[in-house]
Structures are given as C-alpha cells and as structure tokens.
Amino acid sequence: MAVFTPILQAQSVATFVVPSFASSSVHLPTSSAVNPLYGSVARAPATQQPIQLSLIDAVNRGLENNLALLTQQQNTRIDSGKGLSAFNALMPNLSVQAQTGTQSIDLAALGIKPSIFAPLHLPPGTVPSIVKVNNTSAQVNLHQQLFNLPAIELWRAAKSNTSVSDLNTLNVRGNVVLLVSSAYLQTLAAAADLQNEQALLQADATALDQAKQSHAAGVATDLDELRARVQYQVQQQALLNAENTFAKDKISLNRMIGLAANQPIELTDAAPYAEYAVMPLDQAKQIAYGRRKDYLSLLAQLHATELDRKAAKYQRAPSLSMGGYYGVSGQTDGLYHGVFLAQGTLSIPVFHEARFRGDTEVVDAHLSALREQIADLEVTIESQIRSSMLDVQATAQLVKVAQSNVDLAREVLQDSSDRFTAGVDDNLPEVQAQAVLANAQTQMVNALYQYNQAKLNLARNTGVVETQYQAYLGE
C-alpha cells in the first residue's frame with residue numbers, strides 16, 4: 001500500500017525579541033533531532049491486553065501526551081508569568097526590613113583625639129578611643145509609580161503576548177489533531193489492505209487447489225498448476241509486506257499518542273466515508289481569517305508590537321513616583337525613636353536620545369516584518385483553501401471510480417474462475433483477473449485515505465480541524 005504523508009498547511013509564527021526596555025522573550029527548547037509534533041510522553045508501560053482505540057480516543061490521547069503541545073503549554077505559563085512581572089511594576093511595592101548589628105569605632109582613626117577635649121578639662125579616660133555601638137532598626141518601605149507611560153504600555157504588550165501564546169497553543173492543538181487523525185486513517189488503510197491481501201491469498205490457495213485437481217484429472221496442463229503456484233507465492237509476498245506495513249503504522253500511531261511502541265492496540269472504527277459538500281471559497285476564507293490560529297497569532301503579535309512602539313516613544317516622557325519608609329531605630333538595649341521618610345521623585349530623561357531612537361528602530365523593524373508576514377499569510381490561506389477544495393473534489397471522484405473498478409474486477413474474476421472450473425479455459429485469465437482485483441482494491445483503499453486526508457486538510461486550512469474533524473470525516 002502506498003503511504004501518503006499529511007502536509008501541515010499552517011504558517012509558522014515568528015517570535016520576536018522585545019526591545020531592551022522590556023523583558024526578553026524566553027521559550028523552552030524542544031528536541032531538534034525529531035519533530036516534536038511526532039513525539040509524545042509515554043505515561044505507562046506496555047501491557048499484554050490490547051487497548052481498544054477509536055479515532056476520538058486516539059485524538060484525545062494525542063492532545064494529552066503530545067510533546068510539542070506540552071512544551072507550548074509551558075511556554076504559555078512563561079508568558080503569563082512575564083505578564084504578572086510587568087503588572088507588578090505598576091503596583092505598590094511594600095517591603096519590611098529589620099536589622100541589628102554591632103559597630104566598633106576607632107575615634108582616633110576618625111580624627112577625634114584627646115587633645116580636642118582638652119579645653120573641657122575632662123578627666124583622663126573620660127572619652128575612650130574605641131567606642132562600641134549596638135544598633136537595631138526596623139522599618140516598612142513603600143514605593144509606588146504614579147505616572148510611567150512606558151511601564152503601562154509594556155504591561156499591555158505583555159498581556160497581548162499572553163494572548164499570542166494562547167493562540168499558539170491552539171495552533172499546535174490543531175496540528176496534533178491533524179497528525180493523529182491522519183495516522184489513525186493511515187493505519188486503518190493498512191488494515192484494509194492487509195484484509196484484502198489475506199482474502200486474495202485465500203482465493204489463490206483455492207485456485208491452486210483447483211489447478212492441482214484439474215491437472216490430476218487430466219483436464220488441465222502442468223502449466224496451469226505452475227501459474228497458480230507462482231500466483232500463490234507472489235500473493236504470500238504481498239501479504240508479508242502488508243503485515244509489516246500495518247505493524248509499523250501501529251507503532252507510529254502509538255508514538256504520536258503516548259503509548260509504548262510494543263503496546264497492542266485494536267482500532268475500533270472503520271475507515272469513514274461520507275460525501276462532503278465544499279462550501280463557497282469566500283465563505284471558507286472568512287472562516288479561516290476568523291479561526292486560523294496562526295493568522296490570529298500574527299495579528300496579536302502585531303498589536304503587542306504596536307504597544308511596544310508606544311512604550312519606546314513614551315520613554316521621552318517624564319515619570320513620577322513616590323516612596324518612603326517608617327520605622328524605629330535605636331540602641332539595642334536602650335531607647336528607640338521613630339524614623340520616617342516621604343519623598344516624591346520626578347524623573348526627566350536627558351541625553352538618552354540615541355538609545356530611544358535605537359529602541360524605536362528595532363520595534364519599527366519588527367512591525368514591518370509582521371505586516372509583511374500577515375500579508376503573505378493572507379495570500380497563502382487563499383491558495384491553501386483553493387488547493388484543498390480541488391483535492392476534496394478530485395479525491396471524491398477517485399473514490400467513486402475506484403469502487404467501480406473493484407466491482408468490475410470482481411465480476412471479471414468470478415467469470416474467469418467459472419470458465420476455468422468448467423474446463424472452458426485455462427487459468428491464465430483467472431490469474432490475471434486476480435492481479436487486476438488486487439490492484440483495484442489497493443487503489444480503493446488509497447483513494448479513500450486520500451479523500452479523508454483531503455477533507456482533514458481543508459478543515460485545517462479553514463482553522464476548524466480541532467473542533468470539527470469528525471464532521472468533516474462524516475462520523
């Protein structure tokens with residue numbers, strides 16, 4: 001059976017590093033050796049009992065265990081944490097501190113010598129040369145930004161970046177649904193191909209037995225028996241290849257959904273077939289512009305970068321803050337007294353124009369790049385939807401033609417078998433008819449897989465695969 005690999009029709013989303021006046025973008029790394037979309041986290045060791053697996057079960061397991069999705073969820077947590085950090089810069093910062101200590105002060109080293117106190121006629125030794133001081137203090141500190149436009153815009157940009165991360169997570173979910181569904185359908189196709197090969201091997205075994213009996217009865221030649229035996233052995237090879245393909249497809253499916261490679265599974269769903277009425281192109285485009293997570297993510301990135309642009313511009317504006325503290329201070333074993341400080345700070349940037357222009361230049365470059373990516377993705381979305389619609393229409397016709405070919409090939413095989421059994425003809429037409437039927441059945445399996453895959457790709461390109469994949473498959 002031919003293997004068809006699904007193509008992800010999603011535009012990758014670029015992640016920009018925000019300017020130097022904001023926190024930098026940090027994301028968890030993924031393995032570069034293997035595409036993380038094809039990887040998963042195995043939750044349990046293999047068991048001897050086969051797992052009954054439907055398409056919905058496979059998709060749910062993929063969404064729970066897929067490596068790329070798990071990594072993106074952690075990146076979402078990182079972006080959410082950075083948003084909280086940006087918000088904290090606007091909130092009152094309150095802290096409490098206490099300290100105690102002992103100081104030993106050498107008065108002579110400070111220039112305080114006994115000769116200074118000579119006019120006072122103090123007795124010798126009244127003023128020691130070494131003084132020890134035990135001091136304890138405790139205070140509450142407060143700092144509050146009253147007016148800081150760059151901090152406000154950076155906080156708004158951080159919130160928008162959190163939305164970008166959420167959309168990226170949904171985008172990865174759509175990719176996981178597409179890949180797992182495709183792997184499940186491919187495994188179903190391999191199972192159907194295996195059943196076809198088993199049925200053909202049984203038919204070839206029957207034909208070989210008939211050829212032996214006809215040869216023994218003298219109504220067929222040795223060449224007829226030889227043809228039947230060759231056909232039987234060729235079919236044995238085809239069966240072995242189909243068994244190997246089916247086993248490998250199950251291993252690949254296990255890998256995507258978080259099962260151990262040697263975990264036995266049994267697919268409970270049959271290959272779905274339902275005709276799909278393709279919607280008008282304009283309607284599909286509007287759905288895609290409103291549902292494609294990669295497109296929405298770029299729009300959210302554009303909004304966040306525009307806020308970064310405002311923050312870079314507002315760096316020239318003055319900022320106002322207030323702060324102070326209140327506490328007590330005194331000798332550890334002696335008298336304490338209250339201390340406090342209240343102050344306001346007006347900060348006006350001077351001689352920072354080069355840095356301000358540099359930050360603005362960086363953000364403007366990011367804005368230009370994002371606008372170009374959005375324009376390109378809009379064109380890409382239309383081309384992807386057009387291609388998917390053509391694939392759906394073409395593969396729908398392929399399924400109908402393939403089914404007709406299977407029906408005709410069965411009729412030809414039955415007629416050839418009857419003629420050989422009746423002694424009217426040798427078994428060469430029967431062997432040829434079996435080969436034609438095998439090819440027709442393989443084409444039918446492949447056509448059905450391609451049709452379902454085309455519908456899934458259309459759902460992905462319109463941005464609804466993670467929620468409507470069952471409807472597109474007709475389940």
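Readers should treat all values here as calculations from the given coordinates under stated rules, not as data from a laboratory. Because the structure is predicted, anything quoted here is derived from the model rather than measured. For neighbour counting, all protein chains shown are included, and Cβ atoms are generated from backbone atoms with ideal geometry for every residue, glycine included.
Centre-to-centre separation between the Cα atoms of region 32-91 and those of region 203-281: 37 Å.
Here region 200-330 is treated as an ellipsoid with the same Cα gyration tensor; its semi-axes, largest first and in whole Å, are 75, 25, 13. Using the Cβ-Cβ distance between ILE116 and ALA138 with R0 set to 35 Å, the FRET efficiency works out to roughly 0.50. Estimated at 0.36 nm per residue, the fully extended path between THR268 and THR421 surpasses their Cα-Cα distance by 51.2 nm. In plain terms, the bigger the Kirkwood radius, the slower the diffusion; for the chain, with that radius from Cα pairs, at 4 °C and 1.567 mPa s, Stokes-Einstein puts D at 44 µm²/s.
Using modelled backbone amide H atoms (1.01 Å from N, in-plane), which distant-in-sequence or interchain residues come within less than 5 Å of GLY39's amide H? The list, which skips near neighbours in sequence, is LEU67, ALA68. Using the alpha-carbon positions of region 179-246, Rg (one decimal) and Dmax (whole number) come out as 16.3, 57 Å. The packing ranking, built from the mean of other Cβ atoms within 10 Å per residue, places the peptides 365-376, 410-421 in the order 410-421, 365-376, highest first.
Between ILE78 and GLN52, what's the calculated FRET efficiency when r is the beta-carbon distance and R0 is 30 Å? Round to 0.05. The computed FRET efficiency comes out at 0.20.
Which FRET efficiency, nearest 0.05, do ASP222 and GLU243 yield, Cβ-Cβ r, R0 30 Å? Efficiency, rounded to the nearest 0.05: 0.40.
Highest average first, the peptides 294-302, 206-214 ordered by how many other beta carbon atoms sit within 10 Å of their residues are 294-302, 206-214. Dividing the mean sequence gap of close Cα pairs (under 8 Å, 6+ apart) by how many residues the chain holds gives a relative contact order of 25 percent. In terms of other Cβ atoms within 10 Å, ILE381, ILE51, ILE257 run from fewest to most in the order ILE51, ILE381, ILE257.
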